[in-house]
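Visitor: Can you keep this structure in mind? I'll have questions shortly.
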Amino acid sequence: LSRIKVSCDFMKPCTMGERLELVLFVVKLGRSSFEVAAEGRVEGELRLRINLVLVNMSLATRRAAPFAVALRRKLADYQALGAAQA
């Protein structure tokens, strides 16, 4: 996988000893790419938000390549699980 876009917004700094909980969401799922978002919270308070777009690349051609069927199915299942919990 290759990173195409990465962004991170920090709402409030964390301090030593705090437990940061990260929750990961599959936001968009395409033929050869997907977008992931993550939120980091301390005791329910939002501290950071991350967005990341990843592309499946062929090592031979160095071009975008479709996901393997099994991997795409797992990503779609995870995306659906996150939508159901929202």
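Visitor: Over the chain, with the other protein chains present, what is the accessible area per residue in square angstrom, probe 1.4 angstrom?
Guide: It amounts to 75 Å² per residue over the chain.
Visitor: Highest first, please rank the peptides 45-51, 56-62, 70-76 by the mean number of other Cβ atoms sitting within 10 Å of their residues. Before the final figure, lay out each step's value.
Guide: Numbers: 45-51: 14.9, 56-62: 10.6, 70-76: 13.0.
Result, highest mean first: 45-51, 70-76, 56-62.
Visitor: Given the -39500 (n - 2.57) contribution per DSSP H run of 4+ residues, what per-residue ellipticity at 222 nm results for the chain, rounded to the nearest 500 deg cm²/dmol?
Guide: Calculated at 222 nm, the ellipticity per residue is -6500 deg cm²/dmol.
Visitor: Round to a whole angstrom and tell me the spacing of the C-alpha centers of the range 54-86 and the range 5-38.
Guide: Rounded to whole Å, the Cα centres lie 17 Å apart.
Visitor: At a Cα cut-off below 22 Å, give the lysines reachable from residue 28, other chains included and same-chain residues fewer than 8 away excluded.
Guide: Candidates past the 8-residue exclusion: 5, 74.
Visitor: Let me ask something else. Hey, rough spin-label estimate for residue 27 and residue 80, points 7 angstrom out along Cα→Cβ, what's it come to in nanometres?
Guide: About 2.3 nm separates the two model spin labels.
Visitor: Given [x] 5.5; [y] 6.8; [z] 4.6, which label gives mean projected area of the Cα convex hull in nm² as computed from the coordinates?
Guide: [y]
Visitor: While we're on this one: Compute the acute angle (0 to 90°) between the alpha-carbon long axis of helix 69-85 and the principal axis of greatest extent of the alpha-carbon atoms of the chain; round to the nearest 10°.
Guide: The answer is roughly 30 degrees.
Visitor: State the percentage of accessible surface on the chain attributable to carbon and sulfur atoms; use a 1.4 Å probe and exclude ligands, DNA and RNA. Working shown, then result.
Guide: Numbers: 3650 of 6430 Å².
Of all accessible area on the chain, carbon and sulfur atoms account for 57 percent.
The values are calculated or read from the model by the stated rules, or taken from the named source; none is laboratory data. Since the model is a prediction, treat every value here as computed from it, not as a measurement. Methodologically, a virtual Cβ is constructed for each residue, glycine included, from the backbone with ideal geometry; neighbour enumeration extends over all protein chains shown. Note: areas computed on protein heavy atoms with side chains; ligands, DNA, RNA excluded. Shrake-Rupley method; radii C 1.70, N 1.55, O 1.52, S 1.80 Å.
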